[in-house]
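All remarks here apply to the structure that follows.
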Amino acid sequence: MTDVAIGTAIIAYIEPHPGRAREFNRWYERDHMYAATTAGPGAFAGARWVATRECKAVRPPGATWFGDPSRGSFLTTVWLLDGTQSEWDSWVARQMEVLRAEGNRMFAGRDHLHTAVYRFAGEERAGAGISAATALDHPFRGLVAVAVDAGRGAECRHAIVHRDVPTVAVFTPERVILSDAGPPPHDLVLGFTPGDPLDAWGSGVAPALESLGSIGVGFASPFIRTIPGSDAYVDEI
């Protein structure tokens, strides 16, 4: 039996404009997430995540590859099958024209801190950890996202995988879609947490990042899974 595998991922790191978080959340989850991402060819899983004030408070203050660590409240992750990225690109270009033409289908009150296509580069699991391909459909409560020097993602992955972060995936940048930050070449590591991501951060992720030594960490943050159909956490960012 052949398991479905991740080929590429769309990763969108976004900050709504002040006072517009609730409006942004409703627009993104009820329209844009489907109409401009997961309805595209090859997209087989998607999830959204939010960084509350508590999450942002533990970010390394000098890790600024994706901009000011005090900003960046929402993260979108979408998995695509291998070999479908170019077809998805063509689809989304056409779809964006449709949405713009309809006027009220777009939302100007947000900043794309960094939105890009990433290539799946590998994963590591602790114990009976599930596969990265199924991680977005699994009821993980949170994730931790870490950007490190290019080529060092496997080392970071190995450092943070443990009981509280049992599935960790590494991605490499393939193409920038929109980015206010313009980060340097890097590997992006995503670790999924069954429990509170802040607990996982304290129990293993933060000490692991400190142990990486010469590896540059340009971004690191816990995120909580959003609850579709609700405005959970928007008042806490």
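Only one of Arg22, Arg100 is of a type in the set (Lys, Arg), out of contact with any helix residue (DSSP H, G or I) (no Cβ under 9 Å at 6 or more places or on another chain) and more than 25 Å from Asp137 (Cβ to Cβ). Can you tell me which? Only one candidate passes the filter, namely Arg100.
Quick check on Glu87: is it touching a residue at least 40 places away in the same chain (Cβ under 8 Å), of a type in the set (Asp, Glu) and crowded, with 19+ Cβ neighbours inside 10 Å? Taking the combined requirement at face value, the residue does not satisfy it.
Close Cβ contacts (under 7 Å, 6 or more residues apart or on different chains) running from residues in segment 18-38 that are buried (at least 19 other Cβ atoms within 10 Å of the Cβ) to residues that are part of a helix (DSSP H, G or I) comprise Ala21/Val234; Asn25/Val234; Ala36/Val92; Ala36/Gln95; Ala36/Met96; Ala36/Leu99.
Number of residues in segment 185-235 that are farther than 28 Å from Gly151 by Cα and touching a helix residue (DSSP H, G or I) at 6+ places or on another chain (Cβ under 6 Å): the value is 3. Scanning segment 49-97 for residues that are in a loop (DSSP other than H, G, I, E, B) and under 19 Å from Phe24 (Cβ atoms) gives Ala51, Thr52, Phe66, Gly67, Asp68, Ser70, Arg71, Gly72, Ser73. Annotation: Glu23 fulfils all but one of (1) touching a Ser or Thr at 6+ places or on another chain (Cβ under 7 Å); (2) acidic (Asp, Glu); (3) under 24 Å from Ile237 (Cβ atoms); the unmet one is (1). The one condition from (1) within 19 Å of Pro173 (Cβ to Cβ); (2) out of contact with any Ser or Thr (no Cβ under 6 Å at 6 or more places or on another chain); (3) at pLDDT 95 or above that Leu80 does not meet is (2). Number of residues in segment 116-141 that are more than 20 Å from Ile224 (Cβ to Cβ) and either buried (at least 16 other Cβ atoms within 10 Å of the Cβ) or in contact with a strand residue (DSSP E or B) (Cβ under 6 Å, 6 or more places away or on another chain) (or both) equals 12. The number of residues in segment 101-129 being outside any loop (DSSP other than H, G, I, E, B), under 21 Å from the mean Cα position of the chain (by Cα) and not acidic (Asp, Glu) comes to 13.
Residue check: Gly46 meets all listed conditions (1) at positive phi; (2) in a strand (DSSP E or B) but one, namely (1). The test for being of a type outside the set (Val, Ile, Thr) and within 18 Å of Val58 (Cα to Cα) does not hold for Gly229.
With respect to the conditions (1) under 17 Å from Thr226 (Cα atoms); (2) surrounded by fewer than 20 Cβ atoms within 10 Å (Cβ to Cβ), Asp3 falls short on a single one, namely (1).
Every residue, every condition in (1) at pLDDT 95 or above; (2) within 26 Å of Asn25 (Cα to Cα); (3) in contact with a strand residue (DSSP E or B) (Cβ under 6 Å, 6 or more places away or on another chain), yes or no:
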site: Val170; (1), (2), (3): yes, no, yes
site: His186; (1), (2), (3): yes, no, yes
site: Gly204; (1), (2), (3): no, no, yes
site: Val217; (1), (2), (3): yes, no, yes
site: Pro222; (1), (2), (3): yes, yes, yes
site: Ser230; (1), (2), (3): yes, yes, no
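For segment 60-84, a residue qualifies if it is farther than 24 Å from Gly109 by Cα and surrounded by fewer than 21 Cβ atoms within 10 Å (Cβ to Cβ), and the qualifying residues are Pro60, Pro61, Gly62, Ala63, Leu81, Asp82, Gly83, Thr84.
The values are calculated or read from the model by the stated rules, or taken from the named source; none is laboratory data. The shown structure was predicted, so the numbers you read here are calculated from the model rather than taken from an experiment. Don't worry about glycine lacking a Cβ; one is built from the backbone with ideal geometry, like all the others, and counts go over all protein chains shown.
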